[in-house]
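Asker: This is the structure I have questions about; it appears just below.
Every number here is computed from the coordinates shown, using simple stated rules; none is lab data. Quick caveat, the model's predicted, so the values are computed rather than measured.
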Amino acid sequence: MLVETRVRLSEILHAIAQLEDCKRRCKEFSAFKNDGLMVRAAERCIMIIGESVIRISRSDPDISFTDDRKIRATRHIVVHEYEKVSAEVLWLIMERNITVLKAEVEALLKQHG
């Protein structure tokens, strides 16, 4: 595994930890959607995750993720079509998608450790 890939995987894990912290602090969706800073923090973390996935695919094309296309598309929306991003979508990503990505990243780091 390339050093750059390892760095990007670590960035993904860090962003996931921050998303988990957002969710832990807010506890409920209603608290999350009413906290603009948490919503913006979640957007930023998702943007970092998406950018890291894009950079990994360019530098180390043998590595891919289950939701690779969705991650890239979500990053694009957060960066370029941010008015379409809703707190509901961010919360659902934190609820449903992050666990799978976290497991994949941890497995890659362990496998190539």
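Asker: Please compute the contact order of the chain in relative form: average sequence separation of alpha-carbon pairs under 8 Å and at least six residues apart, divided by the residue count, as a percent.
Answerer: Details: 96 pairs, mean separation 39.6, N = 113.
Once divided by the residue count of the chain, the mean separation gives 35 percent.
Asker: Sticking with this one: Using only alpha carbon positions, build the gyration tensor of segment 2-62, then give the equivalent ellipsoid semi-axes as the square roots of 5 times its eigenvalues, largest first, whole angstrom. Kindly include the intermediate steps, with their values, before the conclusion.
Answerer: Details: eigenvalues 157, 21, 10 Å².
Ellipsoid half-lengths, sorted descending, are 28, 10, 7 Å.
Asker: Tell me the label only: which of [x] 0.98; [y] 1.57; [z] 1.24 is Rg/Rh (Cα atoms, Kirkwood Rh) as calculated from this structure?
Answerer: From the options [x] 0.98; [y] 1.57; [z] 1.24, the structure gives [x].
Asker: Cα to Cα, under 19 Å, and not fewer than 8 places away if on the same chain: which aspartates and glutamates meet these conditions relative to Lys27?
Answerer: Within the straight-line cut-off, Lys27 pairs with Asp35, Glu43, Glu88, Glu95.
Asker: Now a separate question. Could you work out [θ]222 nm for the chain from helices alone, using -39500 (n - 2.57) per DSSP H run of at least four and dividing by all its residues? Round to the nearest 500 deg cm²/dmol. Spell out each step's value before the answer.
Answerer: Working: 6 runs with 86 residues, N = 113.
Rounded to the nearest 500, the figure is -24500 deg cm²/dmol.
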